[in-house]
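The values are calculated or read from the model by the stated rules, or taken from the named source; none is laboratory data. Just so we're clear, the structure is a prediction, and the values are computed from it rather than from any experiment. Ideal geometry is used to build each Cβ from the backbone, glycine not excepted, and the neighbour counts take in all protein chains shown. Each accessible area value is taken on the protein alone, full model and side chains, heavy atoms only, with ligands, DNA and RNA left out. Shrake-Rupley method; radii C 1.70, N 1.55, O 1.52, S 1.80 Å.
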Amino acid sequence: MTLDALVDGVHAWFTAALPDHGIYALMAFAFIAGLARGFSGFGAALIFIPLGGAIVGPKLISPILLVIDGIAALGMIPPAWRGANRPEVFVMAAGAALGVPAGTAMLALLDPMLLRWSITIIAITLLALLASGWRYHGAPSAPLSSGVGLIAGLFSGAAQLGGPPVVAYWLGGKSDFTRVRANVVLYFSISSVFSAISYYIGGLFVPAVFALTAVILPSYAVGLYGGSKLFGLAEERTFRIACYILIAAAAIIGMPLLDGVLR
């Protein structure tokens, strides 16, 4: 095979794998999602999954985010490893090891519209809990941390939306927001490995995932870098408010009723 034939073959595969609409919108969504992730340690899925899912569907958008975030966020792991409460993170990740495969099965088998409405209802419920002012102020325990990890893993496997329960749990404790962010980053670096294995077994890594990753990754990486720089300028109150706004955005933007606006 000649070089020209190889290039033509790759181009044909790439063109066939890409959707016929919405690519520029996905790039814009990825940039905004990267800003949120770089700033708070989570939040990319809260923005990218509902918006991108309205364009290409949840079964495609979830593995896309998993791949681009896994690649772009590698640089965030070393400082998170140094700053996190690692034993607590590992206990929560143990729960995720059970929750992620179950969530992946839901993603692969459930009706996409039913899944999206379920995510919206869960996000609204969590937002109401946060707005009520109730917080878990007790010392983290192994059973509770692993239980939160189980729930977050379920959400991550189903739609990469495991951030809200994890952040709500850790924000209520006595850790400062720098430690909370480090915990979140380290936890999701571990749970992403579980998701990658589960998605591969579930057959969710179709060609369009990798074609769109190549297109979207630069925008996401730029947003991630910008968000990380913004984090260094933020106060704790600003950090908490930003996290709550992201959860509220998930409840509103994720409603399938808004699909007509996004298409």
(message) Considering only protein heavy atoms and a probe of 1.4 Å, how much of the accessible area of segment 60-119 is carbon and sulfur, as a whole percent?
(response) 76 percent
(request) Please give the net charge around Leu224, taking every other residue with its beta carbon less than 14 angstrom from that of Leu224, where Lys and Arg add +1 and Asp and Glu add -1. (result) +2
(request) Relative to the compact-globule scaling 2.2 N^0.38 Å, provide the ratio for the alpha-carbon radius of gyration of segment 23-104. (result) 1.20
(message) What does the charge count around Ala44 come to, taking other residues whose C-beta lies under 15 Å from its C-beta (Lys +1, Arg +1, Asp -1, Glu -1)?
(response) +1
(message) If every alpha-carbon in segment 15-61 counts as one equal scatterer, what log10 I(q)/I(0) does Debye give at q = 0.17, 0.25, 0.29, 0.33 1/Å?
(response) -0.47, -0.86, -1.03, -1.17
(message) If packing is taken as the average count of other Cβ atoms within 10 Å, what order do 214-226, 182-194 fall into, highest mean first?
(response) 182-194, 214-226
(message) Could you order the peptides 28-37, 87-96 from most to least packed, using the average number of other C-beta atoms within 10 Å per residue?
(response) 28-37, 87-96
